[in-house]
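Report on the structure given below.
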Amino acid sequence: MFHWLLGDKQGLARIFQHFGQMLEDGRHIFDAASNALLGGTDPETIRDDLYATDRRINGVEQKIRRELVVHLAVSERTEFSVCLKLMSLVKDAERIGDYAKNIFDLGVAVPGFNADPAREDLIQVKDQVSRLLAKMRNLHESQDEELARAFCEQGESVLRHCDEKVDSLLRSTDNDSHAVTSALMYRYIKRVMAHSMNIVSSIFMSVDKLDYFDESQETR
Amino acid sequence: MPSAPVTGLNMPPPRVPAWARIILLFGLLYGFLVAIGLMSSAFKILGAGHADGLFSGVASPFAALAVGILGTVLVQSSSVTTATIVALCGSGQLDIATAVPMIMGANIGTTVTNTLVSIGSVRRSAEFRRAFACATVHDIFNYCAVAILLPLEIYTGYMRRGATELTELFAMGGGIKYESPIKHVVKAGTKAIKSGLESLNLEGGFLATALLLIALAMIFLCLNYITKNMRALLASRIEAGLNSVLNRSGLIGMLAGVAITVSVQSSSITTSLLVPLCAAGILTLQNAYPITLGANIGTTVTALLASMATDTSLGLTIALVHLIFNLSGTLLFYPIRALRQIPIRGARRLAILATQNKLWLLIYVFIAFILMPGLGILLFD
């Protein structure tokens, strides 16, 4: 009834919308960059889009921070915990974009990697992470605690897998010319997954525990 | 019992529905107008010889200016001071010539609030420098405007004449008695309270004092709750407005300042909102300045509202003087770049001084809001 007077969206709801956009862009840039390394896409055909997406992510991060300060100044409600969380989570979302750029740079530097035997496993891991990134966007909307815990369990298995792969590459005596590329890719995927888990774990963790998600903690 | 940790990103639902807040707003506005009516009645009973207290026996315009500053600093609200001045003028107990500098003083006095807000970041130098500059740009602008416009008004009387002509225009040449449509509704409330007091056998000076105390309490309460209510009701709009002007300078910022201040009925709220934004570095002083000027213009709506409850057209005249003064100040210190930079550079310089040595902060607050108005009263009254 008072829509014209009160505005389209509550201040924090608008900030949430921006954050959702950041997560969507995060998945897009990760998929695009991974395809440059693993899918045989010519990096030059996606360079502009990738960098534009990264700039958009960075711009939205700054916009969210600004709007959070304005929101805290204007709002008399006790929403500061949510605001502090968002201030921390936008950094995680922005880091996903940064790692995607690292993956893209790897694709540019190692054009022949799509013939490497490690590629198959990396594609599987990448697809799993991509699906999880899509799930993260939905979880951000629903704020479902159980699904968020399930997400983090799946994320943990991705992290373990990446660690094992890097470990085996370190110990390997094979003369694998792409060992460094593979190790770096596993490392980047692991970091993307870890930042995603930080974002999702905020659904069920208190603000002081952010970035310290651990299965053994009393968060269940 | 320890409280559960706050988890998730869920937002709390609004506590009071919008329709209830809008009904409350009308109730509070009515209460405010009734309070002005009560105050006018009280001043009338007290008569010209007594209708004064703080605002009487002020012979010189500089003393009147000082009274306006001190009165506002004491009550921490220019809305209360200007509403009281409107009631005094409306009841015929204060002449416009004396009221004009008082209104100007109220404009200066109200800026102490955001200066005090800026002290919140005093321990962090960079933040404090930005916050203090944002707060004092309002003070410096008002002092500069008064320094030029008060002498001009004394010699030409352009504000008084302009406001009188506008009043006659609004009253359609009605002249002596200004009949606002809301006045009749307000009178019913005023009469009810007055009759209630008279039934307690209060009369003369006692009745006037009781009316005055009730009126002052009602003005404080109503303005306070109008501000809180509107701030809660329009938080989203205010937030969106501020977000949209963060990176913009000029007219849009000024309009946002007017809109926010008219909404919350307090220029101090608007300017105090800008202080943390400047402190955080997300709003520049250059962009905060037009919003501040907009707040200065927006705050004149309180006096205009108050004038609806007064018996004579003089209430409206002084309310219009308030508007003309703030518009004149803005026209003087905004469109021309060189003049626009005076308050901005002054505030920056003052902020640097106050950051280097916090003693400057105390010296400034003491001189601007205590010593100068105090001397004004002592020397010119």
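The values are calculated or read from the model by the stated rules, or taken from the named source; none is laboratory data. Bear in mind that the values here come from a model prediction, so they are computed numbers and not experimental data. Here the Cβ is made from the backbone with ideal geometry for all residues, glycine too, and neighbour counts use every protein chain on show.
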Query - Top-ranked residue of the range A:133-147 - restricted to ones that are within 18 Å of A:G26 (Cα to Cα) and within 13 Å of chain B (Cβ to nearest Cβ), ranked as nearest to the chain's Cα centre (by Cα) - result: A:M136
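Okay, residues lined up against (1) surrounded by fewer than 20 Cβ atoms within 10 Å (Cβ to Cβ); (2) within 15 Å of B:A83 (Cα to Cα); (3) not acidic (D, E):
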residue: B:K191; (1), (2), (3): yes, no, yes
residue: B:L197; (1), (2), (3): yes, no, yes
residue: B:T209; (1), (2), (3): yes, no, yes
residue: B:L221; (1), (2), (3): yes, yes, yes
residue: B:I226; (1), (2), (3): no, yes, yes
Requested in this report: Residues being of a type in the set (D, E, K, R) and over 16 Å from the mean Cα position of the chain (by Cα): count how many of those fall in the range A:47-63.
Outcome: 4
Query raised in the report: Are there any helices (runs of 4 or more DSSP H) wholly within the range B:276-381 with 2 or more residues that are among the aromatic types (F, W, Y), and if so which?
Result: B:313-333, B:359-366
Requested in this report: Tell me, yes or no, whether the range A:78-93 has at least one residue that is modelled with pLDDT under 95, more than 22 Å from A:L139 (Cα to Cα) and surrounded by fewer than 20 Cβ atoms within 10 Å (Cβ to Cβ).
Outcome: yes
Query raised in the report: For the range A:105-161, which residues satisfy the criterion of being surrounded by fewer than 14 Cβ atoms within 10 Å (Cβ to Cβ), among the basic types (K, R) and more than 16 Å from A:Y186 (Cβ to Cβ)?
Result: A:R131
Query raised in the report: What is the number of the single condition among (1) out of contact with any Phe, Trp or Tyr (no Cβ under 6 Å at 6 or more places or on another chain); (2) within 14 Å of chain B (Cβ to nearest Cβ) that A:Y186 does not meet?
Result: (2)
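Can you work out which of the residues in the range A:58-87 that are among the charged types (D, E, K, R) and assigned to a helix (DSSP H, G or I) is farthest from the other protein chains (Cβ to nearest Cβ)?
Per the stated criteria, the residue is A:E61.
For the range B:139-163, how many residues meet the condition of being buried (at least 16 other Cβ atoms within 10 Å of the Cβ) and either under 16 Å from B:I103 (Cα atoms) or aromatic (F, W, Y) (or both)?
14
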